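Structure record follows, encoded as structure tokens.
The values are calculated or read from the model by the stated rules, or taken from the named source; none is laboratory data. Because the structure is predicted, anything quoted here is derived from the model rather than measured. Here the Cβ positions follow ideal geometry from the backbone for every residue, glycine too, while neighbour counts run over all protein chains shown. Just so you know, the surface numbers come from the protein's heavy atoms only, side chains and all, with ligands and any DNA or RNA stripped out. Shrake-Rupley method; radii C 1.70, N 1.55, O 1.52, S 1.80 Å.
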Amino acid sequence: MPSPATAKPKTTKKHNARLNNPFPRAVPAAAFRNGDAAPPLSFGPFSKLAHAHDYPVGSRFRLSWNPSLGGAVSLAGVPSSSGGGDPRSRVMWETIPGVAFVSAASTTTEADECRGSFALRDGRARLVPGRQSVDRIRSLYRCDVEAGAAFEASDQTRFPVLLITGVVSAKKADPASSCCCGLRAGRRAKARAGKPILSARYWVFLEEKSDTQVSFSVKIADYQWSCGHADPSSPPPAATTAPRPHRINILSLRLRLAGRLHRSMSKKKKLSAGFPAQEEVSALLPPPERASADEEARPEEFNRVFLTYASERDERFYGFGEQFSCMEFKGRRVPVLVQEQGIGRGDQPITFAANLLSYRSGGNWSTTYAPSPFYLTSKMRSLYLEGYDYSIFDLTKPDRVQIQVYGNSVQGRILQGESPTELITSYTGSTGRPPVLPRWITSGAVVGMQGGTEAVRRVWRQLQDHDVPVSAFWLQDWVGQRKTAIGSQLWWNWEVDDDHYAGWKDLIRDLRRDGVRTMTYCNPCLVPMGEKGNARRHLYEEAKELGILVRDEAGEPYMMPNTAFDVAMLDFTNPEASSWFKGILRGMADEGVSGWMADFGEGLPLDARLHSGEDPVAAHNRYPELWARVNREFADEWKSEAGEEDGLVFFVRAGFRESSRWAMLFWEGDQMVSWQANDGIKSSVVGLLSGGLSGIPLNHSDAGGYCTVDLPLLRYRRSEELLMRWMEGNKPGSNCQFYSNSRTLAHFARCAKIYKAWEFYRVQLVKEAAEKGLPVARHLFLHYPEDRRVQKLTYQQFLVGTEMLVVPVLDKGRTAVTAYFPTSDGGSWRHVWTGEEFGGGHRSGHGSVGEATVHGFEAEVSADVGCPAVFVRVGSPVGERFVRNLRDLGVI
């Protein structure tokens, strides 16, 4: 369920700044140093916690408490009755001895925003993490819940549920502040007092959710003040109210303290002991006469929660959604915020220019359309967060992980698995998987082009002459085009432009008669159509009249700058918006359209007003899922009416943790037409593989990239070589296209036939994606997780399923590649074009022996244009059929 609205961040709009910092910080620094946010852990030396103990979590897991070295907990599976080296007993999650694993703090939140790019950061720290005490660890059984224990159970609850409870505290950040508790004792007592401490009781629940998952939730309850000079070995006093089931709201400090202040000031103008002096209250809250717009920017008492736990120094971290620059994240702070990926993302000089002209528009290594608060590691550990609050995973210290959540509670799950494939299967089992796609979408190439009816018919005749297997034409300019400052752009009014695509229905019918489908384009935004003379419907005006657009503070449609024009966004927290847009999609399908790109979804403003009333910061990460869900619900409705054969397909670019539950497949967005690493051809491979490790099993990129710059001093234009290698944009006239000349058309035909040759295997892999969440294109880590060489790979090579190995050419002018062949499974690989075998630490035929490593060896392999380095597993029926199909299609 969406979280309720909280204080919105102080948002600065940067849309109209003419010159900007060309080198903005990639991940804004936290207000709390790593040491501050991981305070010490304490527990009662004379309690039951003085001794080690194991506690059951359901029937398959156990939590171990170890009081030595300051205290620590660890979670592991219960070994089988046979004992021995049962892998289920491996530790899944553990804390650092003597270090708090739960802490809380308070700070203001600041945000910068510019055309879909966002930067959230901590403002001034007001309450910094103090310490954590553990008071009690116990197992809750059904009888405890029936007797009133603070846990909401269901018929599916797997008892026992583990409860850890204690106190977290935070100190005022202002060192000049004095404690309130010594006021009655006079100035001498006040001088002895330390900083005022805000403390609150916390509850950590661990619940077995499945045979491979344990859910965790951290809830923080009411608070009270104490003094900093208290005995540090004992926990600070805290409120004793029990948590409400599932949600605990921190009560209003203003209501509690203002009432006490009013009563006490009327009695000799004194404050009761235990409450802060007026200057301390003023430091936390604005006075009544200033309770205005800036009051909303004031933080709640605890609006940051930190989870800190152990990591091994050589542990490698993968996942975090669709990432374009990194495959492995140890040593980095990873923000999880949906946004534009940026133009360049660190590749120069384009990133410098983009940032200079438009704030943060260049992006950086961490910016992505589809992040996810999920990871899996080389030690077979995995965790993900539930909910949609902004979070940062801090992996900069070698011995720990620290998650900072912008909220006052945390929920998530810890996963158990003995391999990456088991962990991904477990993860997608709870977050969702795509459906099995209709066969038509996997049967041939999807041709993306623009230009109108006659251009499509001309290219279709050329493709027929070359006997190219085609599934569909994707025509994003079906709505018509207009010239803007950045090139040719679409009219965001989702109906066909009858002038640009004259005879639209006839075109769709004629293509369909030849077995080719038509796909179009839409997104969740609308623009006023006063300048377009042939518009039949004015969708923006309709949505405005219905009240289904995202609103600004004044209650008006929120007009957001997007590239060269302003747009309004549909509010899908309003059910009426979903129903209305499904009507738009039905109009497309009724005309014969078989699919579409469901673009955007990453730009919800952080200060928007939504129909649901929910926090716009959390809703920002949730919006892509809402957008995908609208499209999927309509596709399912249409399938139930039209049947399997006429199933619709849509693809998205923005996403979050559960997008695969709704999206049918993904598209990687707008890469540059370049060879560069962060936003060119290499980044498209990284995005494909990192997404596959994060529960995004079906994905693709634009062949040749999209973003083009064609200025006198700055040119990024697609070359013929880049297009050919990318097969294996906003200014289409500046770029080489697959139909540009006979060479590119012949090469496209060859690549499409190669793609057709493994259609039978692709069907199997799409079904496996729907059943297990495993990707079609796979990082070798999925199947060779212990190979240190594999763990370091990024874009150099990848698997297709388990039976095919691809080593792409990703550098200009290269005609050979260095391939790495893992040998830990004893298998060998056969080169598709030459038949040479590689395996067992040697290379058959002519040539030098590859460089031996612990788990495999390297060899240089030729890769001329049109003959990419593709290998099949020796003895594999899939490989044998693939090669046979290539021969039948005349490719070899």
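FRET efficiency for the pair ALA564 and HIS700, taken as 1/(1 + (r/R0)^6) with r the Cβ-Cβ distance and R0 = 30 Å, rounds to 0.65.
Taking the inverse of the mean 1/r over every pair of distinct Cα atoms in the stretch 444-494 gives a Kirkwood hydrodynamic radius of 12.2 Å. Let's test the formula: R0 of 51 Å, r as the Cβ-Cβ distance of LYS767 and PHE46. What FRET efficiency results, to the nearest 0.05? Plugging the Cβ-Cβ distance into 1/(1 + (r/R0)^6) gives 0.30.
Sorting 143-151, 130-138 by average packing, meaning the other beta carbons within 10 Å per residue, from highest down gives 130-138, 143-151.
Sorted largest first, the principal axis extents computed over the alpha-carbon atoms of the stretch 852-892 equal 39, 27, 7 Å. Shape index of the stretch 768-832: Rg/Rh, with Rg the Cα radius of gyration and Rh the Kirkwood radius from the inverse mean 1/r over Cα pairs, equals 0.98.
Measuring against 23 Å, Cα to Cα, the residue pairs LYS172/LYS219; LYS219/LYS330; LYS209/LYS772; LYS582/LYS639; LYS209/LYS767; LYS582/LYS772 contain LYS219/LYS330; LYS209/LYS767; LYS582/LYS772 as the ones spanning a longer distance.
Which values, in whole Å and largest first, are the semi-axes of the equivalent ellipsoid of the stretch 483-626 obtained as the square root of 5 times each eigenvalue of the Cα gyration tensor?
29, 17, 14
The portion of the accessible surface of the stretch 336-468 made up by carbon and sulfur, rounded to a whole percent, is 50 (1.4 Å probe; DNA, RNA and ligands excluded).
Based on the mean of other beta carbon atoms within 10 Å per residue, what is the order of 568-577, 640-649, 664-673, most packed first?
Averaged packing, sorted descending, gives the order 664-673, 568-577, 640-649.
Would you mind pulling out the separation of the Cα centroids of the stretch 328-401 and the stretch 628-686, in Å? Distance between centres, Cα-based: 20 Å.
In terms of packing, defined here as the mean over residues of other Cβ atoms within 10 angstrom, the peptides 760-767, 302-309 line up highest first as 302-309, 760-767.
Express in whole angstrom the spacing between the alpha-carbon centres of the stretch 858-892 and the stretch 104-131. Cα centroid to Cα centroid, the span is 52 Å. Residues of the stretch 555-599 with backbone nitrogen within less than 11 Å of a virtual label 7 Å along the Cα-to-Cβ line of GLU531, please, listed as ranges. Only 564-566 pass the distance filter. Summary of the geometry: the stretch 543-579 and the stretch 709-784, compared by the centres of their Cα atoms, lie 35 Å apart. Projected label points at ARG18 and ASP710, each 7 Å from Cα along the beta carbon direction, are separated by 2.8 nanometres.
Subtracting the Cα-Cα distance of ASP646 and VAL78 from their residue separation scaled by 0.36 nm leaves 199.6 nm.
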